[in-house]
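Written below as structure tokens is the structure these notes are about.
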């Protein structure tokens, strides 16, 4: 099973982590695990990346720049913001931090141009193997602006896309405001992010948003392909992805590997419980009804997002995937945010490894889980967590 690891080196405007700490943690994990990829970003400290690249090259480990796309980049460039139904700009509120999850319009050509300029100005001189592209989406229900962020963008360029597709915006507004038993009137979930909505106008809206993300990512990926970079994508869990404008089955065709963030115990953005609670709250949906729709057993009070559901999600996802799927699991431990202990790691890694072995015995071309992405920050991973994975992998 292939192993990749992530390192958060700091935000665009924050001081980068010390190289000495990075090398120490890398040395510890590389001596115990057969790591093939290191995904690191996104502080623009060229010295840190240059030294890390030299360290990894000696050990034949691929080095990827972890780069946010439609969020965070507004810290370095003035980007066109999203607009809500009324045409109001969804503006950033608060100070810069490592991650502000403030999104800009993915359909704006000037935005794409400026995002690529950020790469050219800060990272192009570093000998990266590839780029690991994150925040390739719209805001989720867990974003600062909740449903207002999800029901965007309605700038001039985005409205032109909707009008060309004959989307009735007034009807869409009415549908969003209607009270439904399930999120936005979902009637069925067929896995791999495939929802059936009672009201077709809502289905069309999310389909068009996913089309915008795909089209913009196609342009961005072409830029990196022309320069010889390999490409990885960081995406939501399949059942959350459609609400953020991600059609994972299509996005797989643009990259060399994809990492669904299957963070089952994380109480922070991308965490399954965190994102789901926000979705339920913002759509006035009963948890029991939604979980029944997803096919989740709610009897497990400690963690309803069990491994059976997570594995099934990735198995279904892989059927339509044209690239390897790496299960993103939280290995760092952050108090009250990511309580990943050795017991959680053991049950998770064992389940994914067993699923892969069963798939290999059946000689399936697509296994559903071809690797693990140890997330989301090596520098916060306790040594006992790393040692537990090493024990399990052996």
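Give the range 75-99 a look and list any residue that's closer than 13 Å to residue 42 by Cα and touching a helix residue (DSSP H, G or I) at 6+ places or on another chain (Cβ under 9 Å), or say none. 76 - this is the single residue of the range 75-99 that is closer than 13 Å to residue 42 by Cα and touching a helix residue (DSSP H, G or I) at 6+ places or on another chain (Cβ under 9 Å).
Considering the conditions (1) outside any helix (DSSP H, G or I); (2) in contact with a strand residue (DSSP E or B) (Cβ under 7 Å, 6 or more places away or on another chain); (3) without any contact (Cβ under 8 Å) to a residue 40 or more places away in the chain, residue 64 is excluded by exactly one of them, (3). In the range 384-393, is there at least one residue being at pLDDT below 90 and in contact with a strand residue (DSSP E or B) (Cβ under 7 Å, 6 or more places away or on another chain)? Within the range 384-393, none of the residues are at pLDDT below 90 and in contact with a strand residue (DSSP E or B) (Cβ under 7 Å, 6 or more places away or on another chain).
Please go through the range 12-46 and give me each residue that is in a helix (DSSP H, G or I), touching a residue at least 60 places away in the same chain (Cβ under 8 Å) and over 13 Å from residue 127 (Cα atoms), ordered by number. Hits for the range 12-46 are 21, 22, 25, 26, 28, 29.
Could you check the range 107-119 and list, in sequence order, the residues that are surrounded by fewer than 18 Cβ atoms within 10 Å (Cβ to Cβ) and closer than 17 Å to residue 231 by Cα? Before you say what the answer is, go through the steps one by one.
Going through the range 107-119, the residues surrounded by fewer than 18 Cβ atoms within 10 Å (Cβ to Cβ) turn out to be 109-110, 113, 116-117.
Scanning the range 107-119 gives a single hit, 116.
In this structure, does residue 91 turn out to be without any contact (Cβ under 8 Å) to a residue 24 or more places away in the chain and in contact with a strand residue (DSSP E or B) (Cβ under 7 Å, 6 or more places away or on another chain)? So residue 91 fits the description; yes.
Condition test on residue 143, is it over 18 Å from residue 197 (Cβ atoms) and surrounded by 19 or more Cβ atoms within 10 Å (Cβ to Cβ)? Working first, answer last.
Values: over 18 Å from residue 197 (Cβ atoms): yes; surrounded by 19 or more Cβ atoms within 10 Å (Cβ to Cβ): yes.
Considered against the rule, which asks whether it is over 18 Å from residue 197 (Cβ atoms) and surrounded by 19 or more Cβ atoms within 10 Å (Cβ to Cβ), residue 143 comes out as yes.
Among the residues of the range 47-61, those that are closer than 16 Å to residue 36 by Cβ and assigned to a helix (DSSP H, G or I) comprise 52, 53, 55, 56, 57. So which residues in the range 177-188 are surrounded by fewer than 19 Cβ atoms within 10 Å (Cβ to Cβ) and either on the phi > 0 side of the Ramachandran plot or within 26 Å of the chain's Cα centre (by Cα) (or both)? Scanning the range 177-188 gives 187, 188. When residue 122 is tested against the conditions (1) touching a residue at least 40 places away in the same chain (Cβ under 8 Å); (2) surrounded by fewer than 19 Cβ atoms within 10 Å (Cβ to Cβ); (3) within 30 Å of residue 50 (Cβ to Cβ); (4) more than 20 Å from the chain's Cα centre (by Cα), the lone failure is (2).
So which helices (runs of 4 or more DSSP H) stay within the range 83-195 end to end and still have 1 or more residues that are farther than 27 Å from residue 65 by Cα and modelled with pLDDT under 90?
On the way: elements: 109-122, 147-150, 156-164, 169-177.
Counting at least 1 such residues, we get 169-177.
Could you say which residue among 300, 341 is at pLDDT below 90 and more than 22 Å from residue 39 (Cα to Cα)?
Details: 341 fails: at pLDDT below 90.
Among 300, 341, only 300 is at pLDDT below 90 and more than 22 Å from residue 39 (Cα to Cα).
Out of everything in the range 196-231 that is in a strand (DSSP E or B) and in contact (Cβ under 8 Å) with a residue 60 or more places away in the chain, what residue ends up being farthest from residue 375 (Cα to Cα)? Result: 230.
For residue 202, are the conditions met, namely being surrounded by fewer than 19 Cβ atoms within 10 Å (Cβ to Cβ) and at pLDDT 95 or above?
Working: surrounded by fewer than 19 Cβ atoms within 10 Å (Cβ to Cβ): no; at pLDDT 95 or above: yes.
The answer is no for residue 202.
Checked against the criteria, residue 276 counts as modelled with pLDDT of 90 or more, under 30 Å from residue 5 (Cβ atoms) and crowded, with 19+ Cβ neighbours inside 10 Å.
Does residue 140 meet the test of being more than 15 Å from residue 231 (Cβ to Cβ) and more than 21 Å from the chain's Cα centre (by Cα)? Explain how you work it out, then say what you get.
Numbers: more than 15 Å from residue 231 (Cβ to Cβ): yes; more than 21 Å from the chain's Cα centre (by Cα): no.
Judged against the criteria, residue 140 is not a match.
So which of 216, 230 ends up being more than 20 Å from residue 105 (Cα to Cα), touching a helix residue (DSSP H, G or I) at 6+ places or on another chain (Cβ under 9 Å), surrounded by 17 or more Cβ atoms within 10 Å (Cβ to Cβ) and at pLDDT 95 or above? Please lay out each step first, then the result.
Working: 216 fails: more than 20 Å from residue 105 (Cα to Cα).
The conditions single out 230.
Looking at the range 245-255, which of the residues that are out of contact with any strand residue (DSSP E or B) (no Cβ under 9 Å at 6 or more places or on another chain) and touching a residue at least 60 places away in the same chain (Cβ under 8 Å) is surrounded by the most Cβ atoms within 10 Å (Cβ to Cβ)? Working first, answer last.
Of the range 245-255, the ones out of contact with any strand residue (DSSP E or B) (no Cβ under 9 Å at 6 or more places or on another chain) are 245, 247, 249-250, 253.
From the residues that got through so far, the ones that are touching a residue at least 60 places away in the same chain (Cβ under 8 Å) too are 245, 249, 253.
Values: 245: 28, 249: 20, 253: 13.
Top of the filtered list is 245.
Could you check the range 232-254 and list, in sequence order, the residues that are outside any strand (DSSP E or B) and more than 21 Å from residue 309 (Cβ to Cβ)? Lay out the reasoning, then the answer.
So in the range 232-254, the residues outside any strand (DSSP E or B) come out as 236-254.
If the condition is that a residue be outside any strand (DSSP E or B) and more than 21 Å from residue 309 (Cβ to Cβ), then 245, 250, 251, 253, 254 are the ones that fit.
Matching residues to (1) assigned to a loop (DSSP other than H, G, I, E, B); (2) without any contact (Cβ under 8 Å) to a residue 24 or more places away in the chain; (3) more than 18 Å from the chain's Cα centre (by Cα):
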site	(1), (2), (3)
260	no, no, no
265	yes, no, no
269	yes, no, no
276	no, no, no
285	yes, no, yes
290	no, no, yes
297	yes, yes, yes
305	yes, no, no
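The values are calculated or read from the model by the stated rules, or taken from the named source; none is laboratory data. Because the structure is predicted, anything quoted here is derived from the model rather than measured. Reconstructed Cβ throughout: ideal geometry from the backbone, glycine too, with neighbour counts over all protein chains shown.
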